[in-house]
Amino acid sequence: MNRVLISILLTTLGASAQNAPVHRLSGRVLDPSGAAVPGASVRLYDRDGSQQRRAATDEQGAYRFERVPAGEFLLEARTSGLDQASPVVVRLSSGQAQVQDLKLEIGELSARVQVTAAATPQSTVEAGKALDVVDAAELERREEISFTEAVRLVPGLRVQQLGGPGSFTRIQMRGLRAADTGVLIDGVRMRDAASVQGDATAYLGDLQLVDTDRIEVLRGLGSSIYGTNATAGVINVVTDQGGGRTHGEIGGEGGGLGLMRGLARVAGGVKNDRLQYSAGVAHLNVNGGVDGVESVRNTSGQGYLLWRPLAGASLSGRAWTTWSTVGVNSSPAAAPLANLPATGTIRAIPLAPEQARLADRGLPFQWGNATFSPNLFDPDSRRVGRMASTLLQWNQQAGPRWNYRVSYQNVNSRRDNRNGAAGSGYQPLYNSSSVFGGQLDTVQARADAALARWNVLSAGYEWEREFYENPSSDQNPDAASRVNARAAAAQHSHAAFVQDQFRLLDERLQVTLSGRFQNFRMSQPEFQGGAPQYAGVKFEGAPDAYTGDAAVSYFLPRASTKLRAHAGNGFRSPTLYERLGTSFFWGEFSPLGDPRLRPERTVSFDFGMDQYFGNSRYRASTTYFYTRLQEVIGYTGLVNDPFGRWGGYANMGGGLARGVEAMGEARPWRSLLVTASYTYTNADERQSALVGGSLRAIRVFPHMVTLVATQQVTRRLQVTADFLGASDYVSGSFFVGSGSRPYEFAGPRKLDAAVSYTLPAGETRSVRFYARVENVLNRRYFEDGFRTPGVWAVGGMKVMF
């Protein structure tokens, strides 16, 4: 019966699109001299919805889109070089064919189309929010292989990697916590339901760049559009949708740190792109890593499939999965008290390298004047992880003025932390396993209606269910004392959201208003292997969350200046672990969570300007941001707790982060592109978690500068260098005596360089040789006490077709 109803529904909804007139859009991509540009990627975005089409130019620079429904679109062309074509507005009506040529902006900076700021396509010139786009061409110039390295140079972002490639990584935005930055895959939340704060951090280090088209970074509130874990901003990974002639690449690289990586990907379209596809697989192997104490095995696959049964309708599916095994070393530790000052912040002085090597082997060593020891080798500790995100979406332009989309996403995650008796510090007596498994199901329906050419109204509904379980076991030879316990819980939520976009004054004035309501329901938790906890508690949902924001931008064409502002409030819902989490020791569960927790609340605003000058060869951008965490959820000591906790999660005062982001982009001549940024962040906690009462936010760089320069030496030879420098930061990871003491670490000074040479091997084939050198200056630095790589390099080759 359900299948019949769905078929009737799709047939009814598709009738209008099937009878609607369709159009052909064609043209050429040219350089300013009128010469054809072959191999350019031409993209057509439905301006009032989410439909996207893609074509590639032939040897004459020609492209063509068939069976395009009526509407208003953004059309852009991208190339693998530095010259691009900014998006133009195209209006299709009356069933007529239309021709639109695109010209590359030689030696100029170009705008781009992004879909994250408002969840509908916009030019970066239109957006009233601070947003950055890192596209596939830039990723290739820098020879990046991981998601976190790809966004490391974005202003306002702090990327902390605790070791070499594949190590645990967190991202902090604008001085806030890692859980305040949301991660999206194709516009839908990717979270780990089993994490303490319900964010994606546990899997960031596993995300390789496999089939990625671009990464869009929204700096500032995203809660009213994207829900929980988006109070600092969101990072949207957009999958390559394929299309055009069959193309792809096969490559491999290897070198320092014992790193070997292979990649294969293919993409294309069938029957004038009525069927589009892309798929990729990559395997990363790190054998030794930093100082020979790291090991990483990671296999990742990503793919996309789209079918257009009607001119204005599409059914698409996307999958991204990772399997990883990562060696986990002992955490850094404080030196003996005799080496530490009695009060105040401790200056981080590492154990001498030769002494650390002795400690790695379990041999006696001398502390000297060190104040901490770095992570030490643990031969039998590892994390075996798996994450799979799958998306199914139906998208239809039901009429010239309105679109709708319905999607279902499943995120399934599982982390098995295994450890044995070997290694330094506290170790279990027997081999043990602690599994964190999560599942997130999200159903979303959204409609976008163009009420007028200058007004687009969007509204939608979202249902989400999350499940978490934590099985624990060990291999105690005494069966009666063996650990075999499990805790599990589930909750679901309903949300409604609305957004209204206005394009006024000949589209110079852009205004976006959005709001969201969400409520929560929780089920009874399950406990096995020990006495149940939270007895007699009435399990109700967290209080409802209401969020809203407004963004406005105004472009002054004569001055080539854009003014923008963005303000609103955000939230983060309490996770299952924060509400119902437990620890298991000596055969008993101990409660850590509080079922009564309220959502975290945030208010935020930012404003700034973008200035183009020098015939669009130069762009300067500045942004001031301010975020107040009104109420957060944190771990604290407790007295007279109704659940018998001596410590656990509770609502408490938040903090404050404010600062300035400044960015410059320049093409002083055609073959050179330079981007630089400076970020100042002043972030404080309202309630200190450190001994001595320090309120300075941990892991935050007060000052950070970045520089990226790409020189196209010849048509075949390209060189790119990037630099990141930052001031000292405070870590709160070291337990001394009765609590955590603040340690001050020197910030990084990291210079990377990449060089590539492309050798044509036919009309549509080429071979690309490349090398990448990391930490060229060989500056030693530590992340929360973890060792990071010195200078190292890899070389590789790609066959592209």
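Structure summary
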{"quantity": "Tensor-based shape of segment 360-516 (alpha-carbon gyration tensor, a/c under 1.5 rounded, otherwise prolate or oblate)", "calculated": "prolate"}
{"quantity": "Surface share of carbon and sulfur [accessible, 1.4 angstrom probe, percent] for segment 458-550", "calculated": "54"}
{"quantity": "Per residue accessible area in Å² of the chain, where ligands, DNA and RNA are left out and the probe is 1.4 Å", "calculated": "39"}
{"quantity": "Semi-axis lengths (Å, descending) of the ellipsoid that matches the C-alpha gyration tensor of segment 343-425", "calculated": "53, 20, 9"}
{"quantity": "Reachable aspartates and glutamates from LYS271, criterion Cα separation under 14 angstrom, eight or more residues apart if same chain", "calculated": "GLU66"}
{"quantity": "Most to least packed among 358-367, 496-505, 233-242 [average Cβ atoms within 10 Å]", "calculated": "233-242, 496-505, 358-367"}
{"quantity": "Mean projected area in nm² (Cα convex hull; one quarter of hull surface) for segment 214-345", "calculated": "13.9"}
{"quantity": "Shape of segment 511-601, Cα gyration tensor, a/c cut at 1.5", "calculated": "prolate"}
{"quantity": "Partners for LYS798 among aspartates and glutamates (Cα-Cα distance below 19 Å; same-chain residues under 8 apart left out)", "calculated": "ASP135, GLU138, GLU140, GLU143, GLU144, ASP211, ASP213, ASP240, GLU249, GLU253, GLU763"}
{"quantity": "Set of lysines near LYS562 by C-alpha distance (under 28 Å), chain-local residues within fewer than 8 positions excluded", "calculated": "LYS103, LYS129"}
{"quantity": "Anisotropy class of segment 122-193 from Cα gyration tensor, a/c 1.5 cut", "calculated": "oblate"}
{"quantity": "Alpha carbon Rg of the chain, scaled by the compact-globule rule 2.2 N^0.38 Å", "calculated": "0.96"}
{"quantity": "Carbon plus sulfur fraction of accessible area for segment 182-273, probe 1.4 Å, in percent", "calculated": "59"}
{"quantity": "Per-residue HN-Hα couplings for segment 770-775 [Karplus 6.51, -1.76, 1.60; θ = phi - 60°; Hz; x = Gly/Pro]", "calculated": "8, 9, 10, 10, 9, 6"}
{"quantity": "Cα pair distances of segment 551-695 binned at 10 Å [whole percent]", "calculated": "10, 25, 23, 17, 14, 8, 3, 0"}
{"quantity": "Kirkwood-based Rg to Rh ratio, segment 638-762, C-alpha trace", "calculated": "1.22"}
{"quantity": "Per-residue [θ]222 nm for the chain (sum of -39500 (n - 2.57) over DSSP H runs n ≥ 4, rounded to 500)", "calculated": "-1500 deg cm²/dmol"}
{"quantity": "Computed magnitude of the charge dipole of segment 239-348 (debye, nearest 20; Cβ of K, R +1, Cβ of D, E -1)", "calculated": "440"}
{"quantity": "Per-pair calculated FRET efficiency, R0 = 41 Å: VAL767 and LEU315 via Cβ, rounded to 0.05", "calculated": "0.65"}
{"quantity": "Convex hull volume of segment 294-439 per residue (C-alpha atoms, cubic angstrom)", "calculated": "190"}
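The values are calculated or read from the model by the stated rules, or taken from the named source; none is laboratory data. Just so we're clear, the structure is a prediction, and the values are computed from it rather than from any experiment. All Cβ positions, even for glycine, are placed from backbone atoms using ideal geometry, and neighbour counts span all protein chains on display. With ligands, DNA and RNA removed, areas are computed over all heavy atoms of the protein, side chains included. Shrake-Rupley method; radii C 1.70, N 1.55, O 1.52, S 1.80 Å.
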